[in-house]
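Everything below concerns the one structure shown next.
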Amino acid sequence: MSGDSVAVGSFVVADYAVFALMLLVSAAVGVYYAWVDRGQGSSGDFLTGGRRLTALPVSLSLTASFMSAITVLSNPAEVYRYGANIGYYGLSYAVTMVVTSEIFLPVFYRLAITSTYEYLELRFSRATRQLGTVLFIVQTILYTGVVIYTPALALNQVTGMDLWGGVISTGVVCTFYCTMGGLKAVVWTDVFQLGVMVAGFLSVIVRSVVVQGGIIPVISDSQDGGRLNFGDFDTNPLRRHTFWTITIGGTFIWISIYGINQAQVQRYISCKSMTHARLSLYINLVGLWSILLCSVFAGMCLFSVYKKCDPWTAGQVSQPDQLMPYLVMDILGDYPGLPGLFVAAAFSGSLSTVSSSISALAAVTVEDLIKPYTNMSERHFAWTSKGLSLLYGVLCIGMAGVASLMGGTLQAVISIFGIIGGPLLGVFILGILCPVANSKGALSGLVSGLVLSLWVGIGAQIYHPPPEMSRPLSLTTEGCNFTDVKSLNWTSGALPTQLASITSAAVPHLDGKPLLADSWYSLSYLYFSPIGTITAVSVGLLVSLLTGGWKQKVESRLTLMKEDTNLYHLFQFVKDRVPRRTGELDLTRGREEKSGGTNLAFCDVELDLTK
């Protein structure tokens, strides 16, 4: 597929029908749960599904929540440009599930709280709780706006689908089923949308493999093009993606999402037992691995198809995020309905993320900003929750408009999670694992972690790291038959020496950069989260010890107890089983050796004495 024509197809009626069907099914789920639960008037039922959900739907919902359109569109583009080493995220997912299941889940589940930030007041102070809540709301609205806008932009420019039609239809349907059906609707639509995402990925992968003549050519093309860069163990923290940045930085970011982010915690707390909650996390791990594998292999297919003619360098698409939709229209354009399925997959990613965000925003606002200050009936709280779902839906659509002005980049989205999520994670670690931490320590830790991660994050946005640290891989247009090949842009993958000359030419005031520009501001964006977390914990412990934290008594239910962990129960099980069995054998062996079974009277006397 060298792309002989400039225009790649556009949407047909069948594609719009598939896309509309996906929206319709999602809305229908909301109506169904609104009808089924019409008699239940409490905000708890609305926000936590009455805590009666089972492991399987919750696990699939957990997977869908943060596997957004960013995963569908930008992971393959990432592999295409920088290589498949983002597959190492699989390791950080595994560590995240173990840490969440062993440390955070037991404490949150035991307290039966609706908002995770409630914990901060129980353990520290109301001020800590309110700051945590406000940071979460800011982070989520920013993230959600980009998540709605980015796929709409990419799909509009490649498929000709109306941009604001896509944004508004997604936002309205999402707000509708969140407001109508509450958490149950969100969970079950997530399950459906995850299915659509996998189907969309598979349609592209299967067709690419057919076009390229099998899986082996795709893998060997990726190998020859340097895309299978799994051997990059460089420890330099300035390098954008290496084994270390992805496993260490990725683990911190994903723990801040699964361990303490309201959208995820709200789900596993809604399970009917702790076992179901733990199980949901581990089943979700399999889902995460599957989606990651699909997205990495889709990126390899993308490279294999366009190895001789890069549509981005050739000016056929203006953003890397448009590469996947471009491939879809190129190889699936002759199959009516299949491009629609892929677009539905991208928007399903958006819907599942946005609905989780709206549901979580409504929950924290009711629990943290309204309930402590008002005295309403449960029915009023339920109606307030619905009203807030509606309000946040409108706000998120508005934020998509702001994202269109920002030109929302996806690296910035992960940076948002790192910058705000890192310090928040630090405060929860202080509360759960450090009994000496007090409210003064928690608040100062949170603020200092936030200041430091904001400093590095904003600096990195202003002074971009040098290209030799991000190392885009080579792309070529030598096999293109286009009539108008546009000029190369700096990420076109020329050799590093050429790259350096292109960038220095583009930035005339290179010498005017501050001293920290090539060190502190050039840190891999994946390290923003660990910086925030480690600062919050270190400063928090120091201030707590200086202000008498070691004298305080903390309720045991607010910290992690050894009985909470599976590791403790496993140790007890082994301890109970192994020594007892060996002890019995030893006693028997000893008795046979000493008594020899001849002097029965002596044995009887011994038994009597024992009695």
Discussion item. Among the residues that make up segment 164-184, is at least one of them in contact with a helix residue (DSSP H, G or I) (Cβ under 9 Å, 6 or more places away or on another chain), assigned to a helix (DSSP H, G or I) and farther than 29 Å from G30 by Cα?
Written reply: no
Discussion item. For the structure I just gave you, tell me whether S355 is in contact with a Ser or Thr (Cβ under 8 Å, 6 or more places away or on another chain) and closer than 23 Å to G181 by Cα.
Written reply: yes
Worksheet item: Would it be correct to say that F233 is open to solvent by 20 Å² or more (accessible area, probe 1.4 Å) and in a loop (DSSP other than H, G, I, E, B)?
Response: yes
Response to the item:
Inside segment 409-463, the number of residues satisfying the requirement of being crowded, with 18+ Cβ neighbours inside 10 Å, among the hydroxyl-bearing types (S, T, Y) and closer than 19 Å to G250 by Cα is 2
Worksheet, complete the sentence: Those residues of segment 236-260 that are part of a loop (DSSP other than H, G, I, E, B) and polar (S, T, N, Q) come to a total of 2
Discussion item. Of everything in segment 78-89, what is closer than 25 Å to S355 by Cα and open to solvent by less than 10 Å² (accessible area, probe 1.4 Å)? Give them in sequence order.
Written reply: none
Fill in: Output for segment 460-483, where each listed residue is touching a Pro at 6+ places or on another chain (Cβ under 8 Å) and either in contact (Cβ under 8 Å) with a residue 40 or more places away in the chain or of a type in the set (S, T, N, Q) (or both)
Y463, R471
Discussion item. Considering only segment 223-231, I want to know if a residue exists there that is out of contact with any strand residue (DSSP E or B) (no Cβ under 6 Å at 6 or more places or on another chain) and closer than 30 Å to S385 by Cα.
Written reply: no
Worksheet item: Can you tell me which residues in segment 305-324 are in a helix (DSSP H, G or I) and of a type in the set (A, V, I, L, M)?
Response: V305, L323, M324
Practice prompt. Quickly run through segment 417-461 and pick out the residues that are polar (S, T, N, Q) and more than 22 Å from the chain's Cα centre (by Cα).
Written response: N438, S439, S444, S448
Fill in: Hits in segment 17-50 - residues which are open to solvent by less than 60 Å² (accessible area, probe 1.4 Å), among the aromatic types (F, W, Y) and modelled with pLDDT of 85 or more
F19
Worksheet, complete the sentence: Of the residues in segment 533-554 that are aliphatic (A, V, I, L, M) and farther than 14 Å from P435 by Cα, the one that is surrounded by the most Cβ atoms within 10 Å (Cβ to Cβ) is A536
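Residue-by-condition table, conditions (1) modelled with pLDDT under 50; (2) among the charged types (D, E, K, R):
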{"site": "L542", "(1), (2)": "no, no"}
{"site": "W550", "(1), (2)": "no, no"}
{"site": "E555", "(1), (2)": "no, yes"}
{"site": "L560", "(1), (2)": "no, no"}
{"site": "T565", "(1), (2)": "no, no"}
{"site": "V578", "(1), (2)": "no, no"}
{"site": "L600", "(1), (2)": "yes, no"}
Worksheet, complete the sentence: Within segment 105-140, residues being under 19 Å from the mean Cα position of the chain (by Cα), open to solvent by 30 Å² or more (accessible area, probe 1.4 Å) and over 24 Å from S444 (Cβ atoms) number 0
Fill in: Close pairs from segment 185-207: first in a helix (DSSP H, G or I), partner basic (K, R), Cβ under 7 Å, at least 6 apart
V187/R267
Practice prompt. State all residues of segment 261-278 that are in contact with a Phe, Trp or Tyr (Cβ under 7 Å, 6 or more places away or on another chain) and open to solvent by 10 Å² or more (accessible area, probe 1.4 Å); if no residue qualifies, say none.
Written response: M274
Fill in: Residues of segment 147-166 classified as modelled with pLDDT of 80 or more, buried (at least 24 other Cβ atoms within 10 Å of the Cβ) and not small (G, A, S), total
3
Response to the item:
Of the candidates L327, L281, L302, L293, the one satisfying the condition of being in a helix (DSSP H, G or I) and open to solvent by 10 Å² or more (accessible area, probe 1.4 Å) is L293
Discussion item. I'm trying to understand the selection: among the residues of segment 379-394, which are buried (at least 19 other Cβ atoms within 10 Å of the Cβ) and within 15 Å of G171 (Cα to Cα)?
Written reply: L388, S389, Y392, G393
Worksheet item: Yes or no: F176 of a type in the set (F, W, Y), open to solvent by 10 Å² or more (accessible area, probe 1.4 Å) and touching a residue at least 60 places away in the same chain (Cβ under 8 Å)?
Response: yes
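The values are calculated or read from the model by the stated rules, or taken from the named source; none is laboratory data. Worth saying up front: this structure is predicted, and the values here are computed from it rather than measured. Quick reminder, even Gly has a Cβ in these numbers, built from the backbone with ideal geometry, and neighbours come from all protein chains shown. Side chains included, ligands, DNA and RNA excluded: accessible areas come from the protein's heavy atoms. Shrake-Rupley method; radii C 1.70, N 1.55, O 1.52, S 1.80 Å.
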